[in-house]
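Notes for the one structure printed next.
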Amino acid sequence: MMRFKTMMVALCAWILLGALPGRAEINIQEVTSPGGIKAWLVEDHSIPFTALELRFRGGTSLDAPGKRGATYLMAGLLEEGSGEMQAQEYARALEKLAASFGYDADRDSLSISAQFLSENRDDAMALLHQTLHQPRFDQDALDRVRAQVLAGLRSDLKDPNEIAGRAFAKMAYGDHPYGSPGKGTIDSVSDLSRQDMFDAYEAIFARDRLYVSAVGDISPAELGALLDQLLGDLNEAGAPLPGPANVAIEGGVSIVDYDTPQSVALFGHVGITRDDPRFFAAYIMNQILGGGSFESRLMTEVREKRGLTYGVYAYLYPQDLASVYLGQLGSANEKMAEAVEVIQSEWQRLAGEGVTEKELADAKTYLTGAYPLRFDGNGRIASILVSMQMDRLPIDYVKTRNDHINAVTLEEINRVASEILLPEQLHFVVVGRPEGLRESN
Amino acid sequence: MIRRIVLAAAILTAGLTGARADTSQGGSEITDQITSFSLDNGMQVVVVEDHRVPVVQHMVWYRAGSADEPIGQSGVAHFLEHLLFKATDKLAAGELSATVAANGGRDNAFTSYDYTAYFQRVAADRLELMMQMESDRMVNIRLTEEDIVTEREVILEERNQRTDNNPRALFGEQLNAAQYLNHRYGQPIIGWRHEMEELDMADALSFYGTYYAPNNAILVVSGDVDPQEVKRLAEVYYGAIPANPELPLVRQRSKEPPQTAERRLTYKDPRVAQPYLQRSYLAPERDAGAQEKAAALYLLSEILGGGTTSYLANALQFDQQVAVYTGVFYSGTSLDDTSFDFLVVPAQGVSLEEAEDALDASVAQFLEEGVDQEQLDRIKLQLRASEVYARDNAEGIANRYGRALSSGLSIEDVQAWPQILQSITGDEIIAAAQETLRPQSSVTGYLMRQEEAE
């Protein structure tokens, strides 16, 4: 049972130490295969395995009209047989290699996360090649996995967090693919056919949207050869990406009635893109307001001082096709109204008054010090490297990132706070039976 | 299904038919990364070296969890865990976390049935500061009435979030309470609401005074550290704290009587979207020097429920198509008797009774047929490979040691475990299954939609 906690800020001299290391000591190189496929590599031979991360831009947003959930279901079927192997035979083959291939699909990408031992790398990659290029999408596998997805969808309809997420997305993005769940609806998933699986497969698996990284026991030359063998015969181009979503959020509160003891709230308004020049200032500002650490203003005011919640967070959420600024919390039905009020007032206070010099300094120290901590483990690093490529960050970003953080001034962060925090546009979707909270917009 | 990451041992090179990964070239092993010793005051120390990145994780595990709580005070172990982030003689409330953050680190804590653990993850050169602060709050907390009142609201909201808002969690709580007739494992870690509401400062301080002492603690430091330096620092900060002479010599737990009556329960809630059934059996745990039965049960759980190729997935999902999901769970790292659990989510149109019948028939058939040697070999092969993958995660290794050492096992037990898993035969697995899967020690639970029952 994890504890989220918060606290008041106080710093004492007896524990103050010198400057932080503040840099992640990983060496990223770009590898281009003989066939022209690019990948980022961190070579580390200390453990005899490799983590390989493949990501295809577009994700569930590539679903064809009327085929909501096709990409998600197709991703789930990749491990259900390929080539001459049906589902269980395929699974046994993978077990014999002691390799793992994971699949995930979200709004912006479909990811394949593979880990395999050095001693049978060629066999593992041959099986992954078969997975990627000769999927079977057998009807019995389709029906079996569809039933699992439908079971999940039925559960989602009764999960307060899911209900809030769906209501918020519908409000914010309307008819854009972002406005409905990538898993699809019970109706749309029920109607998906085997042909829809092949269509979804063709739409996303292509060179023009591929991003690759590898971390571990593999040399640049070995990786180059592997990339061509594994990915060289992908199609050049997949389906076009949908256009950007128009974010339509008006300030206020909407309530979805649901009989449960703790109300759940998802709140937010329009945000900024990842390549916005104000991004670093906004990122630090959010750390102070509602970032993951226990020292944020929201945690202090809502949890520590008033005991209204177990956890409250806010986060910038830049996506490929729309950017929002979101937050969430759970609070007992009799307390939610007060929690909403406190959050609204903190939003207003930060937009109007900005942060203090000390808050800025503390947040910078935390963010720059914590940055290297995330590079822990081959799989984690591989995932980060692919995200960096998808965000179009330079390959030396890991070395310069903390300089960007440190360069943000008090004047800049406070100007950015006044620009991007929009208290009058902040909308709360509350699921539950919150006492004394009224709908408004 | 969560696959256990086992810790290293010598690699068995006995021929494995059809296995294409032999994992025999794994190079160095996890045991090479481990150093352990004890301080004069009885505090045990484990160091897990991983020098790839300049990061350290510093953890203190107390051999005290919710199953050690006095009657009527369920939740006090977890409540105290929250309160340890308040003031001490030297630190203001919240200052420890603020200091960790100001040094670019993260910290948190967690409570279970048998242990409570606190940790910080930070740049490797900050280890001394972490020890300074963690050792301080081992004995010096200073609580106010306001801390008690506010933090009690927070843990009640935590219970709301984790349990009361989630019918599956409420069902699990009832199932667990029915599994244990007398042992404190039947009480939820977070506590029963009516008892949580009454927890006060005296309850928290009494638990603290009894259990928070170096002779009841394990220090686990993992990452880019030198074991000699860890020892030097541990002696300075933890070694200065005297052992608590009042610490009970054995962990006093009420024992389970013989379980002689099969139990059944139904939990109905309008918030249930997907009915399912769960069956649990009281099961032996890993015991110091005697882990064979637990190893057999662990392998049994993998054979029956370890993914697409498992026995139950094959029977209920592929063959009979009466289930959309089957799972089998066994966690042997526990101070006292644990449980062996089955979960079946029936397919649309299949009733819980039909799913239960299919489960029982399949398990009976499995016991009759015996273990498929090829499947067992595949599982053992993957367990050996998982030792290679486990080395990528020093914190994972640290957790294995912390959990085992606070659950009655020794370092030798942790290190012997992978070899024991490899040594278990199909016959031993069937014998352990027959001994454990007794109806009289089982609980069968149905999670149902409210309207279905009416």
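Scan the range A:152-164 residue by residue and report those that are under 18 Å from residue A:189 (Cα atoms) and open to solvent by less than 20 Å² (accessible area, probe 1.4 Å).
If the condition is that a residue be under 18 Å from residue A:189 (Cα atoms) and open to solvent by less than 20 Å² (accessible area, probe 1.4 Å), then A:153, A:156 are the ones that fit.
Sort out which residues of the range A:48-97 are assigned to a loop (DSSP other than H, G, I, E, B), within 14 Å of another protein chain (Cβ to nearest Cβ) and open to solvent by 10 Å² or more (accessible area, probe 1.4 Å), and write them in order of number.
A:48, A:79, A:80
Across the range A:328-341, which residue is most open to solvent (accessible area, probe 1.4 Å) among those that are away from chain B (no Cβ under 14 Å) and out of contact with any strand residue (DSSP E or B) (no Cβ under 6 Å at 6 or more places or on another chain)?
A:341
Run residue B:194 past the list (1) over 25 Å from residue A:258 (Cα atoms); (2) free of Cβ contacts under 8 Å to residues at least 60 places away in the same chain; (3) more than 8 Å from chain A (Cβ to nearest Cβ) and report the number of the one that doesn't hold.
Only one criterion in (1) over 25 Å from residue A:258 (Cα atoms); (2) free of Cβ contacts under 8 Å to residues at least 60 places away in the same chain; (3) more than 8 Å from chain A (Cβ to nearest Cβ) is unmet by residue B:194, namely (1).
Could you go through the range A:168-176 and let me know if any residue there is within 10 Å of chain B (Cβ to nearest Cβ) and out of contact with any helix residue (DSSP H, G or I) (no Cβ under 7 Å at 6 or more places or on another chain).
Looking through the range A:168-176, none of the residues is within 10 Å of chain B (Cβ to nearest Cβ) and out of contact with any helix residue (DSSP H, G or I) (no Cβ under 7 Å at 6 or more places or on another chain).
Considering the range B:55-84 alone, what residues qualify as being away from chain A (no Cβ under 12 Å), among the aliphatic types (A, V, I, L, M), open to solvent by less than 10 Å² (accessible area, probe 1.4 Å) and farther than 30 Å from residue A:374 by Cβ?
Those that are away from chain A (no Cβ under 12 Å), among the aliphatic types (A, V, I, L, M), open to solvent by less than 10 Å² (accessible area, probe 1.4 Å) and farther than 30 Å from residue A:374 by Cβ: B:64, B:67, B:76.
Quick check: anything in the range A:140-150 surrounded by fewer than 19 Cβ atoms within 10 Å (Cβ to Cβ), part of a helix (DSSP H, G or I) and touching a Lys or Arg at 6+ places or on another chain (Cβ under 8 Å)?
Among the residues of the range A:140-150, not one is surrounded by fewer than 19 Cβ atoms within 10 Å (Cβ to Cβ), part of a helix (DSSP H, G or I) and touching a Lys or Arg at 6+ places or on another chain (Cβ under 8 Å), which makes the answer no.
Across the range A:170-195, what is the total count of residues that are open to solvent by less than 20 Å² (accessible area, probe 1.4 Å) and closer than 13 Å to residue A:256 by Cβ?
Number of matching residues: 0.
Return the residue satisfying two criteria in turn: it lies in the range B:292-328 and is assigned to a loop (DSSP other than H, G, I, E, B) and not polar (S, T, N, Q), and of such residues it is surrounded by the fewest Cβ atoms within 10 Å (Cβ to Cβ).
Going through the qualifying residues, I end up with B:307.
Whether any residue in the range A:104-120 is within 14 Å of another protein chain (Cβ to nearest Cβ), part of a helix (DSSP H, G or I) and in contact with a Leu (Cβ under 6 Å, 6 or more places away or on another chain) is what I want to check.
yes
Would you point out the residue of the range A:121-139, among those that are assigned to a helix (DSSP H, G or I) and of a type in the set (Asp, Glu), that is farthest from the other protein chains (Cβ to nearest Cβ)?
Step by step, filter the range A:121-139, then rank; the result is A:122.
Count, please, the residues in the range B:123-150 that happen to be open to solvent by less than 30 Å² (accessible area, probe 1.4 Å), within 9 Å of another protein chain (Cβ to nearest Cβ), under 28 Å from the mean Cα position of the chain (by Cα) and at pLDDT 95 or above.
Total satisfying the criteria: 1.
Take the residues of the range B:169-181 that are in contact (Cβ under 8 Å) with a residue 40 or more places away in the chain, over 17 Å from the mean Cα position of the chain (by Cα) and within 19 Å of residue B:340 (Cβ to Cβ): which is surrounded by the most Cβ atoms within 10 Å (Cβ to Cβ)?
Selected residue: B:179.
How many of the residues in the range B:111-164 are in contact with a Ser or Thr (Cβ under 6 Å, 6 or more places away or on another chain) and acidic (Asp, Glu)?
3
Within the range B:85-111, which residues are part of a loop (DSSP other than H, G, I, E, B) and either buried (at least 23 other Cβ atoms within 10 Å of the Cβ) or facing another protein chain (nearest Cβ under 7 Å) (or both)?
B:85, B:86, B:91, B:92, B:93, B:94, B:103, B:104, B:105, listed by residue number.
Out of all the residues in the range B:345-371, which are of a type in the set (D, E, K, R) and surrounded by 14 or more Cβ atoms within 10 Å (Cβ to Cβ)?
Matches in the range B:345-371: B:354, B:356, B:360.
Could you tell me how many of the residues in the range A:376-419 are among the aromatic types (Phe, Trp, Tyr) and open to solvent by 60 Å² or more (accessible area, probe 1.4 Å)?
So the answer is 0.
Scan the range A:278-288 and tell me whether some residue there is more than 30 Å from residue A:58 (Cβ to Cβ), open to solvent by less than 10 Å² (accessible area, probe 1.4 Å) and at pLDDT below 95.
no
Of the residues A:325, A:315, which is among the hydroxyl-bearing types (Ser, Thr, Tyr), open to solvent by less than 20 Å² (accessible area, probe 1.4 Å) and either under 30 Å from residue A:260 (Cα atoms) or not in a strand (DSSP E or B) (or both)?
Step by step, each of A:325, A:315 is checked, and only A:325 is among the hydroxyl-bearing types (Ser, Thr, Tyr), open to solvent by less than 20 Å² (accessible area, probe 1.4 Å) and either under 30 Å from residue A:260 (Cα atoms) or not in a strand (DSSP E or B) (or both).
What residue, of B:87, B:77, B:98, is over 14 Å from residue B:213 (Cα atoms) and touching a Gly at 6+ places or on another chain (Cβ under 6 Å)?
Within the list B:87, B:77, B:98, the selection yields B:77.
In the list A:167, A:203, A:221, A:248, which residue meets the criterion of being at pLDDT below 95 and open to solvent by 10 Å² or more (accessible area, probe 1.4 Å)?
Just one listed residue meets the conditions, A:248.
Which members of the range A:32-45 meet the condition of being touching a residue at least 12 places away in the same chain (Cβ under 8 Å), more than 27 Å from residue A:107 (Cα to Cα) and not acidic (Asp, Glu)?
Correct list: A:32, A:33, A:34, A:35, A:42, A:45.
Give the number of residues within the range A:251-275 that are open to solvent by 30 Å² or more (accessible area, probe 1.4 Å), assigned to a loop (DSSP other than H, G, I, E, B) and away from chain B (no Cβ under 14 Å).
3
When you scan the range A:356-375, how many residues do you find that are in contact with a helix residue (DSSP H, G or I) (Cβ under 7 Å, 6 or more places away or on another chain), hydrophobic (A, V, I, L, M, F, W, C) and buried (at least 22 other Cβ atoms within 10 Å of the Cβ)?
Qualifying residue count, the range A:356-375: 3.
So residue A:158 clears everything in (1) facing another protein chain (nearest Cβ under 8 Å); (2) assigned to a helix (DSSP H, G or I) except one condition, right? Which one?
(2)
The values are calculated or read from the model by the stated rules, or taken from the named source; none is laboratory data. As the structure is a computational prediction, the values presented were derived from the model and not from experiment. As a convention, Cβ positions derive from the backbone with ideal geometry for all residues, glycine included, and neighbour counts pool all protein chains shown. What goes into the accessible areas is simple: the full protein's heavy atoms, side chains included, and nothing from ligands, DNA or RNA. Shrake-Rupley method; radii C 1.70, N 1.55, O 1.52, S 1.80 Å.
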